[in-house]
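Visitor: One structure coming up, written as structure tokens, with questions to follow.
The values are calculated or read from the model by the stated rules, or taken from the named source; none is laboratory data. Owing to the predicted nature of the structure, the values given are computational and were not obtained by experimental measurement. Heads up, the Cβs are rebuilt from the backbone with ideal geometry, glycines too, and the neighbour counts pull from every protein chain shown. Remember, those area values only see protein heavy atoms, side chains included, never the ligands or the DNA or RNA. Shrake-Rupley method; radii C 1.70, N 1.55, O 1.52, S 1.80 Å.
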Amino acid sequence: MATRLPLFLCNFHSQTQNHLHKKHPLLLTSKPFSAARPRSFSVFTSPKMEGKEITEETSEKSGPNGKKKIFVAGATGSTGKRIVDQLLAKGFSVKAGVRDLDKARTTFSRANPDLQFVKADVTEGSDKLAKAIGDDSEAVICATGFKPGWDLFAPWKVDNFGTVNLVEACRKQNVNRFILISSILVNGAAMGQILNPAYIFLNVFGLTLVAKLQAEQYIRKSGINYTIIRPGGLRNDPPTGNVVMEPEDTLYEGTISRDQVAEVAVEALDHPESHYKVVEIVARADAPKRSYQELFGSIKQRQVKLLFPWFSLR
């Protein structure tokens, strides 16, 4: 689940055990997802691709009813649960990756043939995650987040290495669509926000935002088809106002309902305009209502700024 902040810092939110694998770019092409109309898509026959010839094959990845299956990591979290609910409402099949199966069954009270629970802990390495994701998942949505405590390395175990483990698991299963729920201000120092109270507060917990930023960099250099969503402060109440979407390293304040964050993540599956982009989102009462095609299409990607190059995962 994503980390909730005290009310006085409501404008922002926060979110290793295994050694990192050597990176192998995935230069795949993908198409927008549709739960109603199964499509074939290209996958590599070899997940490692260590200088070998690249070949392609088509494969259908769907649930028992022919619906596209999406793996959600952190499915019982406050944001993850909403993502699962919205995926099911849109006609997707969902494989919910959770650490506690009993909690998952109580979190989702009604049995649904399109919802499957699998045990998945992002800190336990990519091999176990690959088995959890399976060969029937078409995309992965990561909505995990560490729980604040005395373990200052927890953000790196979950928000950094845990996210990297998920990317590596996707490679092993030839999954080439990855959507990450991150946070605004992850690159706050480069934005001139190093004295922003929220930036300081979130980094008190083991440099949380630095951990998230470096995980983002790993995703962007991996070659996987990504959408990185950076929400403002997360609210549990229903949406108020319309979604405002800006390019990376733009927003440093603002809030948004978790329902809207989930909606953006799910809509990214159906809009190719979201591919290979980092977007920042908040909600504003005075913002005009815009389609997601327009919102995603308005974002122009730009070169990454690395403030802490010595933390690079490369």
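Visitor: Restricting the first residue to the stretch 198-219 and requiring it to be over 15 Å from Phe153 (Cα atoms), which pairs with a second residue that is in a helix (DSSP H, G or I) and open to solvent by 10 Å² or more (accessible area, probe 1.4 Å) meet a Cβ separation below 8 Å and a spacing of at least six or different chains?
Guide: Ala198/Leu9; Phe201/Leu9
Visitor: Can you tell me how many residues in the stretch 201-212 are crowded, with 24+ Cβ neighbours inside 10 Å and β-branched (Val, Ile, Thr)?
Guide: Residues that pass the stated criteria total 1.
Visitor: Could you say which residue among Ala198, Ala215, Ala189 is surrounded by 20 or more Cβ atoms within 10 Å (Cβ to Cβ) and over 19 Å from the mean Cα position of the chain (by Cα)?
Guide: The match here is Ala198.
Visitor: Name the single residue that is modelled with the lowest pLDDT among those in the stretch 286-301 being in a loop (DSSP other than H, G, I, E, B) and either surrounded by 13 or more Cβ atoms within 10 Å (Cβ to Cβ) or out of contact with any strand residue (DSSP E or B) (no Cβ under 7 Å at 6 or more places or on another chain) (or both).
Guide: Gln301
Visitor: Residue check: is Val167 in contact with a helix residue (DSSP H, G or I) (Cβ under 8 Å, 6 or more places away or on another chain) and β-branched (Val, Ile, Thr)?
Guide: In short, yes.
Yes/no per residue for (1) open to solvent by less than 10 Å² (accessible area, probe 1.4 Å); (2) of a type in the set (Phe, Trp, Tyr); (3) assigned to a helix (DSSP H, G or I):
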| site | (1), (2), (3) |
| --- | --- |
| Leu129 | yes, no, yes |
| Ser137 | yes, no, no |
| Ile141 | yes, no, no |
| Lys147 | no, no, no |
| Asn160 | yes, no, yes |
| Thr163 | yes, no, yes |
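Visitor: Kindly provide the set of residues from the stretch 165-201 that are assigned to a helix (DSSP H, G or I), at pLDDT below 95 and either more than 24 Å from Ala262 (Cβ to Cβ) or in contact with a Cys (Cβ under 6 Å, 6 or more places away or on another chain) (or both), ordered by number.
Guide: Hits for the stretch 165-201 are Pro197, Tyr199, Ile200, Phe201.
Visitor: Looking at Lys119, Lys128, Lys103, which one is over 30 Å from Ser274 (Cα atoms) and out of contact with any His (no Cβ under 9 Å at 6 or more places or on another chain)?
Guide: The unique qualifying residue is Lys103.
Visitor: Further question: Looking at Arg235, is it within 14 Å of the chain's Cα centre (by Cα) and not aromatic (Phe, Trp, Tyr)?
Guide: no
Visitor: Could you check, for the stretch 100-116, whether at least one of its residues is under 22 Å from Ala262 (Cβ atoms) and crowded, with 24+ Cβ neighbours inside 10 Å?
Guide: no
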